[in-house]
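Worksheet: the structure to be examined is printed underneath.
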Amino acid sequence: AVDGSATFDEVYDAAGAIDEVYPAIVERLVAAAGESGDVLYAVPGSPLVAEHTVELLLADERVTVEVLPALSFLDLAWVRLGVDPVAVGVRVVDGHRFAVEAAGERGPLLVAQCDSAHVLSDVKLVLDSGPEPALADDAEVVVLQRLGLPDERVERVPWAELDRVDADHLTSVYLPE
C-alpha cells in the first residue's frame, strides 16, 4: 500500500487450515519490525480476546510488543444478548476446541471462533453425542455474526439447524443452557 499499510487477507485465503495463518502472520510482522524498527499491528476488537496471533507475538522473543486495549466482541455480545455474563455464569469456549473446553460444563456457553459449518457441526455433534442430548430438538440458540459492523446479525436459530448457518470468522454461538 502507498501509506505502508497492508492486510493479511491473502494469508487467510491461501491457508489450508486456520492454524497455518497465525504463524505466517507473525513471521511477516517480525520481518517488518526487523526492517523498519516499529510496526503497528491492528486487530478488530481487543488484542487479548481470541487473537491467537497476538498471543504468539507476546511469546516471541524476537520482538517487543506493546498491547493497547480495545473493545472486545465479547462486550458487544453481552449487550446484544442482554446478559450479564458474571451473574449467569457464562463460560467462553473456542469452537475449534469445543470438545475439550466444554467437557463437563453446565450452564450457558458462548462459543467463539465458529468460522465454518464444520465447526458448528462439531459443536452440535459433541452436545448430541451423550446418552441424552444436551439440548432438545426444539431448543433455540443465538448466532452472533460480525458484531459492531454494518452487516451485524444476531439471530435465534433452532438447535437442529445450527450447522446450516452460513458461518464466517466473526461468528459466535450463545448456548443459553
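Quick one: in the range 159-177, which of the residues that are of a type outside the set (D, E, K, R) and not in a loop (DSSP other than H, G, I, E, B) is nearest to ARG106 (Cα to Cα)? Write out each step before concluding.
Our first condition is that a residue be of a type outside the set (D, E, K, R); within the range 159-177, this holds for 159-160, 162, 165, 167, 169-176.
Add one more test, that the residue is not in a loop (DSSP other than H, G, I, E, B), and what stays is 159-160, 162, 171-175.
Numbers: TRP159: 17, ALA160: 20, LEU162: 20, THR171: 22, SER172: 18, VAL173: 16, TYR174: 13, LEU175: 10 Å.
In this case the residue turns out to be LEU175.
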*Identify the single condition in (1) over 24 Å from ALA24 (Cα atoms); (2) surrounded by 12 or more Cβ atoms within 10 Å (Cβ to Cβ) that VAL100 does not satisfy, given that it satisfies every other one.*
(2)
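Would you check which residues across the range 76-114 are part of a helix (DSSP H, G or I), in contact (Cβ under 8 Å) with a residue 24 or more places away in the chain and either of a type in the set (D, E, K, R) or within 28 Å of SER129 (Cβ to Cβ) (or both) and list them?
ALA77, ARG80, LEU81, PRO85, GLY95, HIS96, PHE98, ALA99
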*Qualifying residues in the range 1-35 (those that are more than 26 Å from ASP94 (Cα to Cα) and surrounded by 10 or more Cβ atoms within 10 Å (Cβ to Cβ)) - the one nearest to the chain's Cα centre (by Cα)*: ALA6
*Which of (1) closer than 25 Å to ARG97 by Cβ; (2) open to solvent by 60 Å² or more (accessible area, probe 1.4 Å) does LEU40 not meet, given it meets every other one?*
(1)
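Here's the yes/no breakdown for (1) modelled with pLDDT of 90 or more; (2) touching a Gly at 6+ places or on another chain (Cβ under 8 Å):
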residue	(1), (2)
SER121	yes, no
ALA134	no, no
GLN145	yes, no
PRO150	yes, no
ARG153	yes, no
ALA160	no, no
LEU170	no, no
GLU177	no, yes
_Please count how many residues of the range 148-177 are under 17 Å from the mean Cα position of the chain (by Cα) and not acidic (Asp, Glu)._
14
*For the range 115-131, enumerate the residues that are in a loop (DSSP other than H, G, I, E, B) and without any contact (Cβ under 8 Å) to a residue 40 or more places away in the chain.*
SER129, GLY130, PRO131
_Restricting the range 132-175 to residues that are of a type in the set (Val, Ile, Thr) and touching a residue at least 60 places away in the same chain (Cβ under 8 Å), the residue that is surrounded by the most Cβ atoms within 10 Å (Cβ to Cβ)_ = VAL173
*Which of (1) open to solvent by 80 Å² or more (accessible area, probe 1.4 Å); (2) more than 23 Å from GLU20 (Cα to Cα); (3) among the charged types (D, E, K, R) does ASP75 not meet, given it meets every other one?*
(1)
*asked:* Condition first: open to solvent by less than 30 Å² (accessible area, probe 1.4 Å) and in a loop (DSSP other than H, G, I, E, B). Now tell me which residues in the range 46-67 satisfy that.
replied: SER46, PRO47, ASP60
*What single numbered condition from (1) over 14 Å from the mean Cα position of the chain (by Cα); (2) of a type outside the set (S, T, N, Q); (3) open to solvent by less than 70 Å² (accessible area, probe 1.4 Å); (4) on the phi < 0 side of the Ramachandran plot fails to hold for GLY89?*
(4)
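The values are calculated or read from the model by the stated rules, or taken from the named source; none is laboratory data. Just so we're clear, the structure is a prediction, and the values are computed from it rather than from any experiment. Here the Cβ is made from the backbone with ideal geometry for all residues, glycine too, and neighbour counts use every protein chain on show. These accessible areas exclude ligands, DNA and RNA; they are computed on the full protein's heavy atoms, side chains included. Shrake-Rupley method; radii C 1.70, N 1.55, O 1.52, S 1.80 Å.
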